[in-house]
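**Student:** Below is a structure I'd like to ask you about.
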Amino acid sequence: PETPPCKRQKTLSGVRVISLSSSSFEKLRNHQEFREVYGKGRKLSGPLCTVHFLQNNLHIMRYGLTVTRYIGKAVKRNRIRRILREVMRSMAHSLKPGYDIVIVAKHQILKASFQDIHYQLGDLFSKANLINTPSLYCDYQP
């Protein structure tokens, strides 16, 4: 089924831009983009995931997900990817544009609920000063 044009649009470069309210973000696609964030960026870790981030001098936020085979077989990895994509979609309106973000899942993420993952990422984004409204995510202990 075709998605409504207000949700997804094609850019001239062929990269999909997902637009939600006033924020928009792209996905990091190739190995070089991930390596640049890992090598030049900063990182913050929590019990469920690690967030790598780097300012990109663009007016959009780009993100990528890393869910390795250490997490489990394909069904488990895909479930975690779906959850992380939904968390990013739900937080898009409150994230500052102009950053590349890579989220690396840890094994404990399998036992966590959607709410735990959402608050963990919100807390890490808040500590990294990537979020516009930090009070929504501070002081949460799963």
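Each reported figure results from applying straightforward, stated rules to the coordinates on display, with no laboratory input. Small disclaimer: the values here were computed from a predicted structure and weren't measured.
**Student:** What is the residue count in region 49-85 for residues that are of a type in the set (Lys, Arg) and within 15 Å of LEU95 (Cα to Cα)?
**Tutor:** As a first pass, look at region 49-85 and keep what is of a type in the set (Lys, Arg): 62, 69, 73, 76-77, 79, 81-82, 85.
Checking which are within 15 Å of LEU95 (Cα to Cα) leaves us with 62, 85.
Counting residues in region 49-85 that are of a type in the set (Lys, Arg) and within 15 Å of LEU95 (Cα to Cα) gives 2.
**Student:** Please specify each residue of region 86-117 satisfying the condition of being of a type outside the set (A, V, I, L, M, F, W, C) and closer than 21 Å to ILE60 by Cα. Talk me through it step by step, then tell me what you get.
**Tutor:** From region 86-117, those of a type outside the set (A, V, I, L, M, F, W, C) are 86, 89-90, 93-94, 96-100, 106-108, 111, 113, 115-116; that's our starting set.
Within region 86-117, GLU86, ARG89, SER90, HIS93, SER94, LYS96, PRO97, GLY98, TYR99, ASP100 qualify.
**Student:** Please enumerate the residues belonging to region 47-75 that are small (Gly, Ala, Ser) and more than 14 Å from the chain's Cα centre (by Cα). Before the answer, list the steps.
**Tutor:** If we filter region 47-75 for residues that are small (Gly, Ala, Ser), which is where we start, we get 64, 72, 74.
Hits for region 47-75 are GLY72, ALA74.
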